[in-house]
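Each remark here refers to the structure printed beneath this line.
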Amino acid sequence: MTDKRRGALLGERAEEGNAKWEQCIKREQQLYSRQKTIRSEFYRDYTRILHSTAYRRLKHKTQVFFATENDHICTRIEHVNHVASVSFTIAKNLGLNTELTSAIAIGHDLGHAPFGHQGEAVLKAITKTYLKDEFWHERNSLRFVDVIETLPDPEGYDKNLSLTYAVRDGIISHCGEIDENGLKPRDEGIDLTEIKTSNQVPPYTWEACVVKVSDKIAYLGRDIEDAKALGIITLSDAKEFLRKTRLRALDRRIRTIQELNNTVIMNELVCDLIDNTNLSGGVRFSDYYFSLAKEIKDFNYEKIYNHPRLHFFRKYAELIIQSIFEKLQSYYCGTATKERLERDEPVYPELIKYFSSWMVKYSNSFAEERTRLKHKNTAVYDLENEEDYTRAIVDFISGMTDSFALKCFRELTTFT
């Protein structure tokens, strides 16, 4: 890495004096004040996400490989921390705000469904059928930090997180699946809830652009490491990929990776990105390493994500989520829904107890209970509206861990 590239975007750092600063730190609701505080706006967001229940649940959500008994296989929480680490390194060397990248990174997958992208695909189909809407995890992550996740205020009342605009923007615009080079931020501070499709607009800050690229860097090598540990990628697969990579690099007289492992891939991509990023060219790799990253992703799809051993996992995940959805949907009866749920709670104690609590916390149909339980968060459901009830089920399922979804499924299928 050359020193001349260090601080290449220092003048664009999200800080006071930046033309975008007021929009960056804007919150939908004012946070409570404290007599003593030492945190910046973005670091306050970081700790609010860190203390949220959705963040805690990431440790039991699939990254790629589901329900493995190998403790060393990556889960969703490890992935978001990898993204935080990669984006911190890049942002620090480019002169950007590392507190902003850290907050975006640990919050970017808070709305990810159980069972990874397969769970997302099932909820996408359900949402399209029943709500005529789109479900995608970046949008759902924004929904979670906006209206689902809460923290108690100093008086013990549940309140919404009310994160800054810059962090919320980085969360909904983080999609790392798209192959693009030379990423630059947009100029407009748009209404983020009006974004309708993944990757519809570029992020608002350079920091969010860094997180978006870091998401890809973080999963490419880590997924290979897990696949090797589980015997899905063989030694011959890795050798053949490296042989082809070295031949292409030799033809172009370019230094390339010497091993197909996580630390090598991450280090080489991070260093190349820092060396090649600048104000005019955007957040970018060199042409060779951009092509290499795409080749690694294509390799992962061929050897890992489309591997036959994952076929039955996808079917199993679909069965679990679809079963839970259909069961909860069957209870709908307007404002009498909660009574119908409570009648079956002895039969399905985990599923119905927690879903009923969910409905109370987020529905305006239970004003007295919400007051008694000190819920002052935004009420987003009306039980007189069946679409709201369906939305509540989708939200509830999307927040589940793999293990809790399995527990609920066993309740539906086990007789005692």
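The values are calculated or read from the model by the stated rules, or taken from the named source; none is laboratory data. Predicted, not measured: the structure shown is a model, and the values here were computed from it. With ideal geometry, Cβ positions are generated from the backbone for all residues, glycine too; neighbour counts draw on all protein chains shown.
Checking the condition closer than 22 Å to residue 158 by Cα, in contact with a strand residue (DSSP E or B) (Cβ under 6 Å, 6 or more places away or on another chain), of a type in the set (S, T, N, Q) and not assigned by TED's automatic domain parsing to the domain that holds residue 225, which residue from 363, 357 passes?
Unique residue meeting the criteria: 363.
In the set 120, 99, which member is assigned to a helix (DSSP H, G or I), outside the structural domain of residue 267 (by TED's automatic domain parsing) and either surrounded by fewer than 24 Cβ atoms within 10 Å (Cβ to Cβ) or among the small types (Gly, Ala, Ser) (or both)?
120
Filter region 13-42 for residues that are more than 18 Å from residue 103 (Cα to Cα) and not in a loop (DSSP other than H, G, I, E, B) and give the result.
18
Would you point out the residue of region 292-321, among those that are under 22 Å from the mean Cα position of the chain (by Cα) and acidic (Asp, Glu), that is nearest to residue 411 (Cα to Cα)?
318
If you take the residues of region 123-144 that are in contact (Cβ under 8 Å) with a residue 24 or more places away in the chain and over 11 Å from the mean Cα position of the chain (by Cα), which of them is surrounded by the most Cβ atoms within 10 Å (Cβ to Cβ)?
At the first step, the residues of region 123-144 found to be in contact (Cβ under 8 Å) with a residue 24 or more places away in the chain are 123, 126-127, 130-131, 134-144.
Next, from what is left, pick out any that are over 11 Å from the mean Cα position of the chain (by Cα): 123, 126-127, 130-131, 134-135, 143.
Working: 123: 25, 126: 20, 127: 19, 130: 16, 131: 14, 134: 12, 135: 21, 143: 22.
Here the answer is 123.
Would you check which residues across region 38-94 are among the hydroxyl-bearing types (Ser, Thr, Tyr) and either touching a Phe, Trp or Tyr at 6+ places or on another chain (Cβ under 6 Å) or under 21 Å from residue 160 (Cβ atoms) (or both) and list them?
In the first step, residues of region 38-94 are kept if they are among the hydroxyl-bearing types (Ser, Thr, Tyr); the result is 40, 43, 46-47, 52-53, 55, 62, 68, 75, 85, 87, 89.
Matches in region 38-94: 40, 43, 46, 47, 52, 53, 55, 62.
Please indicate, with yes or no, whether at least one residue in region 386-394 is surrounded by fewer than 17 Cβ atoms within 10 Å (Cβ to Cβ), under 26 Å from the mean Cα position of the chain (by Cα), modelled with pLDDT of 95 or more and among the small types (Gly, Ala, Ser).
Checked against the condition, which is being surrounded by fewer than 17 Cβ atoms within 10 Å (Cβ to Cβ), under 26 Å from the mean Cα position of the chain (by Cα), modelled with pLDDT of 95 or more and among the small types (Gly, Ala, Ser), region 386-394 yields no hits at all.
Restricting to region 232-259, what's the tally of residues that are under 18 Å from residue 290 (Cβ atoms) and part of a loop (DSSP other than H, G, I, E, B)?
Qualifying residue count, region 232-259: 5.
Return a yes/no flag: does region 278-289 have any residue that is assigned to a helix (DSSP H, G or I), assigned by TED's automatic domain parsing to the domain that holds residue 220, under 23 Å from the mean Cα position of the chain (by Cα) and among the aliphatic types (A, V, I, L, M).
no
Just a yes or no: is a residue in region 269-277 modelled with pLDDT of 95 or more and within 16 Å of residue 300 (Cβ to Cβ)?
yes
Looking at (1) surrounded by 14 or more Cβ atoms within 10 Å (Cβ to Cβ); (2) in contact (Cβ under 8 Å) with a residue 24 or more places away in the chain; (3) closer than 23 Å to residue 404 by Cβ, can you tell me which one residue 345 breaks?
Unmet for residue 345, out of (1) surrounded by 14 or more Cβ atoms within 10 Å (Cβ to Cβ); (2) in contact (Cβ under 8 Å) with a residue 24 or more places away in the chain; (3) closer than 23 Å to residue 404 by Cβ: (2).
Please give the number of the condition residue 139 fails out of (1) assigned to a helix (DSSP H, G or I); (2) more than 19 Å from residue 213 (Cα to Cα).
Residue 139 satisfies every listed condition except (2).
Could you check region 186-195 and list, in sequence order, the residues that are in contact (Cβ under 8 Å) with a residue 40 or more places away in the chain, in a loop (DSSP other than H, G, I, E, B) and of a type outside the set (Gly, Ala, Ser)? Break it down stepwise before answering.
Going through region 186-195, the residues in contact (Cβ under 8 Å) with a residue 40 or more places away in the chain turn out to be 189, 192-193, 195.
Restricting the remaining residues to those that are in a loop (DSSP other than H, G, I, E, B) gives 189, 195.
Listed by number, the list holds a single entry, 195.
Filter region 151-185 down to the residues that are part of a strand (DSSP E or B), more than 13 Å from residue 374 (Cα to Cα) and hydrophobic (A, V, I, L, M, F, W, C) and list them by number.
Matches in region 151-185: 183 only.
Looking at region 28-39, I want the residues that are under 21 Å from residue 146 (Cβ atoms) and have a partner that is part of a loop (DSSP other than H, G, I, E, B) with Cβ atoms under 7 Å, at least 6 apart or on another chain. Which pairs are those?
From region 28-39, the pairs are 28/162; 29/162; 31/162; 32/153; 32/154.
Among (1) modelled with pLDDT of 95 or more; (2) surrounded by fewer than 17 Cβ atoms within 10 Å (Cβ to Cβ), there is one condition residue 380 misses while meeting the rest; what is its number?
Condition not satisfied by residue 380: (2).
Does region 316-336 contain any residue that is assigned to a loop (DSSP other than H, G, I, E, B), modelled with pLDDT under 95 and at negative phi?
Residues of region 316-336 assigned to a loop (DSSP other than H, G, I, E, B): 330-332, 334, 336.
Add one more test, that the residue is modelled with pLDDT under 95, and what stays is 334, 336.
Those still in the list that are at negative phi too: 336.
Yes - at least one qualifying residue is present in region 316-336.
For region 69-95, enumerate the residues that are β-branched (Val, Ile, Thr), under 17 Å from the mean Cα position of the chain (by Cα) and in a helix (DSSP H, G or I).
77, 80, 83, 86
Name the one entry in 247, 242, 279 that is aliphatic (A, V, I, L, M), exposed (fewer than 14 other Cβ atoms within 10 Å of the Cβ) and without any contact (Cβ under 8 Å) to a residue 40 or more places away in the chain.
Of 247, 242, 279, the one residue that is aliphatic (A, V, I, L, M), exposed (fewer than 14 other Cβ atoms within 10 Å of the Cβ) and without any contact (Cβ under 8 Å) to a residue 40 or more places away in the chain is 247.
Among the numbered criteria (1) over 27 Å from the mean Cα position of the chain (by Cα); (2) exposed (fewer than 14 other Cβ atoms within 10 Å of the Cβ); (3) under 21 Å from residue 380 (Cα atoms); (4) not aliphatic (A, V, I, L, M), which single criterion is violated by residue 357?
(1) is the only condition that residue 357 fails.
Residues are listed down the side, and each one gets a yes or a no for (1) within 26 Å of residue 313 (Cβ to Cβ); (2) touching a strand residue (DSSP E or B) at 6+ places or on another chain (Cβ under 8 Å); (3) of a type in the set (Lys, Arg):
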position: 124; (1), (2), (3): yes, no, yes
position: 128; (1), (2), (3): yes, no, yes
position: 134; (1), (2), (3): yes, no, no
position: 137; (1), (2), (3): yes, no, no
position: 149; (1), (2), (3): no, yes, no
position: 152; (1), (2), (3): no, yes, no
position: 160; (1), (2), (3): no, yes, no
